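I have placed the structure first, in the form of structure tokens, so that the comments after it can refer back to it.
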Amino acid sequence: GENVEQHPSTLSVQEGDSAVIKCTYSDSASNYFPWYKQELGKRPQLIIDIRSNVGEKKDQRIAVTLNKTAKHFSLHITETQPEDSAVYFCADDLGSARQLTFGSGTQLTVLP
Amino acid sequence: DVKVTQSSRYLVKRTGEKVFLECVQDMDHENMFWYRQDPGLGLRLIYFSYDVKMKEKGDIPEGYSVSREKKERFSLILESASTNQTSMYLCASSLSPSHYEQYFGPGTRLTVT
């Protein structure tokens, strides 16, 4: 399938600072962009998602923005806390609801 | 609460063995998926199934096959295990084509020696 490029691969921030992770996709038919969080030793879980007809979506300290023209979407975490430390994966649906293509992941570390 | 379970958390097999990884979901989901997770490579789709006895290749199907005889169960088969198939294997399910969220199992850490 088409690639979803995710950057950075590792990110360290001080507690209370903001973190931003960016993904770039290539298929203009992509319609759905979720973000999954995987804590150490645990399964990935959906934390937020956005569809192509929306530019931004917020849920408390996390938000996702989508720029369809530039074909990129970003995860924003504000007021980071130690429990935000995890691997975050972006994904897109390549225009098909049947499957997702995932990015390579970002290891976020929140330093106390 | 959706529950996706996998038959083993850890598995050690020898090169050339036939390996079965099983996944069961209890929420009547139509879609089921098998991924492998390797450091720096993210989650790569091996196979998926959107109905009983239906299967479609993902991005890395070589060396793997799948079976879905019942809606709740999706099996990944390594016909002849090789050392490069040492990895974490994650199963997932989603309700239907119009419901995108995937629910993951706990994963099986497979080591092939």
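None of the figures in this text is laboratory data; all of them are computed from the coordinates on show. Quick caveat, the model's predicted, so the values are computed rather than measured. Neighbour counts run over all protein chains shown; Cβ positions are idealised from the backbone, glycine included.
Quick notes on this one:
- Electrostatic bookkeeping for B:Thr83 treats Lys and Arg as +1 and Asp and Glu as -1; over the other residues with beta carbon under 11 Å from its beta carbon, the sum is +2.
- Dipole axis of segment B:1-110 (+1 Lys, Arg; -1 Asp, Glu on Cβ), positive-most option in B:Phe48, B:Thr108, B:Phe74: B:Thr108
- Each Lys and Arg Cβ is given +1 and each Asp and Glu Cβ -1; about its Cα centre, chain A then shows a dipole of about 260 debye.
- Computed P(r) (all Cα pairs; the protein assembly as shown; 5 Å bins; percent): 1, 7, 15, 18, 19, 16, 12, 7, 3, 1, 0
- For chain A, with +1 on Lys and Arg beta carbons and -1 on Asp and Glu, the positive-most of A:Leu108, A:Ile62, A:Leu11 along the dipole: A:Ile62
- Relative contact order computed over chain A (Cα-Cα under 8 Å; 6+ residues apart), in percent: 38 percent
- Each residue of segment A:49-60 was assigned a 3J(HN,Hα) from its phi angle through the Karplus curve 6.51 cos²θ - 1.76 cosθ + 1.60 (θ = phi - 60°); the sequence is 8, 8, 9, 5, 8, 10, x, 7, 9, 10, 8, 6 Hz, with glycine and proline shown as x.
- Remark on chain B: hydrodynamic radius 13.9 angstrom, per the Kirkwood mean of 1/r across alpha carbon pairs.
- Around A:Ser18: net Lys/Arg minus Asp/Glu count, Cβ-Cβ under 12 Å: -3
- Inter-chain Cβ neighbour average for residues B:99-110, partner chain, 10 Å: 4
- Distance from segment A:73-106 to segment B:1-76 (C-alpha centre basis), Å: 21 Å
- Counting all C-alpha pairs of segment A:12-71, share separated by more than 15 Å (%): 58 percent
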